[in-house]
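To start, the structure under review is shown below, and the notes come after it.
The values are calculated or read from the model by the stated rules, or taken from the named source; none is laboratory data. In this text, all values refer to a predicted model and were calculated from it rather than measured experimentally. Virtual Cβ from ideal backbone geometry, glycine too; neighbours counted across all protein chains shown. Ligands, DNA and RNA are excluded from the accessible area calculation, which covers all protein heavy atoms including side chains. Shrake-Rupley method; radii C 1.70, N 1.55, O 1.52, S 1.80 Å.
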Amino acid sequence: MNNLNSSAASGASAPARQRDFMARVLELNRMREVPPAAFVETYGCQQNVSDSEKISGMLRDMGYRLADSAEGADLVIFNTCAVRENAELKVFGNLGALKHNKRRNPDMLIGVCGCMIQQKHIAETIGKKYKHVDMVFGTHALYRFPQILCEALEGGRVVDIEGERGEIVENVPLERDVPPLAKVPIMYGCNNFCTYCVVPYVRGRERSRSAENILAECESAAKQGYREIMLLGQNVNSYGNDLSGGLTFAGLLREVCKIDGIERIRFMTSHPKDISDELIKTMAEEPKICKQLHLPIQSGSDRVLKAMNRKYTRAEYMEKLRKIRAAMPDIVLTTDIICGFPGETNEDFAETLGALREAEYDMIFSFIYSRRVGTPAADMPDCLTDEEKHRNFDEMLKVQNEISKQKNLKYIDTEQTVLIEGRSKTNPETVTGRTEGGKIVNIGCPNLGGCEKDALTGKLVNVRITGAQTWSLTGEII
Ligand code: 5AD
Ligand code: SF4
């Protein structure tokens, strides 16, 4: 990376120092006739979406207008994901396409940040092969974005891929999506080191935010009109393990439940080994906690689970599901599954299909294994061909689609409380929202005008379910 200037921090990390850089960029932008346009593209998980809300918040405070495409933008930021190779390939493809934009507008700035950048080989590739990129910064440098941008505006290429320092920087400006849903990170990083996963390497070890800061953020979101809080972390159930004498995750949930104005609380992601009886009891007892759980199983084969370092067997996982369903019979359960993990055989895959039939998830998120540089599984030999993996993957979807459809059909003629999120993107004549279990409901409201439909956003309405598809429900307001 010798052709790039390093902006690695000079020791000062406090947001106060960043506020000075923000003021400098704002001053520059105020001298322009029209506020410059910035486009932030997010790849990957909800944690990245949450990080992008911070980048957008800082951009807004530095005088940028937030645009919804790269076309004509003065600044483009890609906030990237490293979990699977196809997400990385997409970023490289889209970065390549930006060369034309930059040719048309040489003053345009391009930044790439997030998990991909935290991998040395990727940062090096961008440095060598994507010379039109002006800023490269990793997950730990996010809050230093004003400084990075300031240096880039002054004409330098900036790289800030410093490793983790273990700190959590609070009070970074935030530009949230419009109400009713607010995402609130409660912890960063992961200690689990599942053998296929790059997250612990790119996001570092688990660090919990203080309960005080989390609750203050939830309270402020409630005051701004947000009705639903999604608490975020790679493994929310180990919240607080790194803080002395603080709240457990269940304790934190109980505190969030006390906030006036917040009607629904969800969280993700949960590691099955850390789901405690205290959490199950809290979920069952607190009406504001949605009866929905995303509990990644990853595989139904004990042999594969061991090779994945998941630290539970299929029987132990199913025992947790039994406890959860005993306490909350109507809970909506979803999971993640990896197909084609190194060494997985067709017999192992049959075990996974068996687990899907046993668990009867409402929905699954399934992925074909993607080799990640530096993870233990990257060196494990494969048993199945790509063709076999794809065949198994398709079969898994077929099995699950039928289960999902059957589960959704049971909702027909029931009444559900739906939190309306706005007009449907595919059909503006309908509004869309979610049940307590997180199922999408599309609601036709033929008797309501456009303004009346918009006025429903953020409201909890009673809906009779009239139709069921594999991925969603349809209904009418009662
Ligand atoms: N290949 C495929 N899927 C992966 N996941 C994590 N790492 C990989 C990988 N290398 C999946 C897991 C995880 C979800 C967020 O992404 O199922 O739960
Ligand atoms: Fe990755 Fe496992 Fe941590 Fe989830 S729990 S982020 S799959 S290492």
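Among the residues in region 351-362, are any closer than 30 Å to C115 by Cβ, away from ligand 1 (no atom under 16 Å from the Cβ) and of a type outside the set (F, W, Y)? Steps first, answer last, please.
Step one: filter region 351-362 for residues closer than 30 Å to C115 by Cβ, giving 352, 355-356, 359, 361-362.
Now narrow it down to the ones that are away from ligand 1 (no atom under 16 Å from the Cβ): 362.
Pick out the ones that are also of a type outside the set (F, W, Y) and you get 362.
Yes.
Keeping to region 300-326, report how many residues are outside any helix (DSSP H, G or I), within 16 Å of ligand 2 (Cβ to nearest atom), closer than 27 Å to C290 by Cβ and not aromatic (F, W, Y).
Looking only at that region, the number is 2.
In region 328-341, what residues are near ligand 1 (Cβ under 10 Å from one of its atoms) and either in a loop (DSSP other than H, G, I, E, B) or not assigned by TED's automatic domain parsing to the domain that holds Y317 (or both)?
Just the residues of region 328-341 that are near ligand 1 (Cβ under 10 Å from one of its atoms), to begin with: 335-341.
Of everything in region 328-341, those that are near ligand 1 (Cβ under 10 Å from one of its atoms) and either in a loop (DSSP other than H, G, I, E, B) or not assigned by TED's automatic domain parsing to the domain that holds Y317 (or both) turn out to be G340, F341.
Determine, yes or no, whether I443 is assigned to a loop (DSSP other than H, G, I, E, B) and on the phi < 0 side of the Ramachandran plot.
So I443 does not fit the description; no.
Using beta carbons and a limit of 7 Å, which pairs, at least six apart or on different chains, have the first residue in region 370-389 and free of Cβ contacts under 8 Å to residues at least 60 places away in the same chain and the second one away from ligand 2 (no atom under 13 Å from the Cβ) and among the hydrophobic types (A, V, I, L, M, F, W, C)?
K389/C339; K389/I368
Give the residues of region 52-72 that are open to solvent by 20 Å² or more (accessible area, probe 1.4 Å), touching a residue at least 40 places away in the same chain (Cβ under 8 Å) and not in a helix (DSSP H, G or I), sorted by residue number.
If the condition is that a residue be open to solvent by 20 Å² or more (accessible area, probe 1.4 Å), touching a residue at least 40 places away in the same chain (Cβ under 8 Å) and not in a helix (DSSP H, G or I), then L66 is the only one that fits.
For region 184-221, what are the residues that are among the basic types (K, R) and either open to solvent by 30 Å² or more (accessible area, probe 1.4 Å) or over 30 Å from I420 (Cβ atoms) (or both)?
Once the filter is applied, which keeps residues that are among the basic types (K, R) and either open to solvent by 30 Å² or more (accessible area, probe 1.4 Å) or over 30 Å from I420 (Cβ atoms) (or both), region 184-221 yields R203, R205, R207.
Considering only residues that are open to solvent by less than 30 Å² (accessible area, probe 1.4 Å) and part of a helix (DSSP H, G or I), which ones fall in region 73-100?
Across region 73-100, the qualifying residues are A87, E88, V91, L95, G96, L98.
Under 30 Å from D302 (Cβ atoms), in contact (Cβ under 8 Å) with a residue 24 or more places away in the chain and open to solvent by less than 40 Å² (accessible area, probe 1.4 Å), is that true of D348? Spell out how you get there, then give the answer.
Details: under 30 Å from D302 (Cβ atoms): yes; in contact (Cβ under 8 Å) with a residue 24 or more places away in the chain: yes; open to solvent by less than 40 Å² (accessible area, probe 1.4 Å): yes.
Against the criterion (under 30 Å from D302 (Cβ atoms), in contact (Cβ under 8 Å) with a residue 24 or more places away in the chain and open to solvent by less than 40 Å² (accessible area, probe 1.4 Å)), D348 qualifies.
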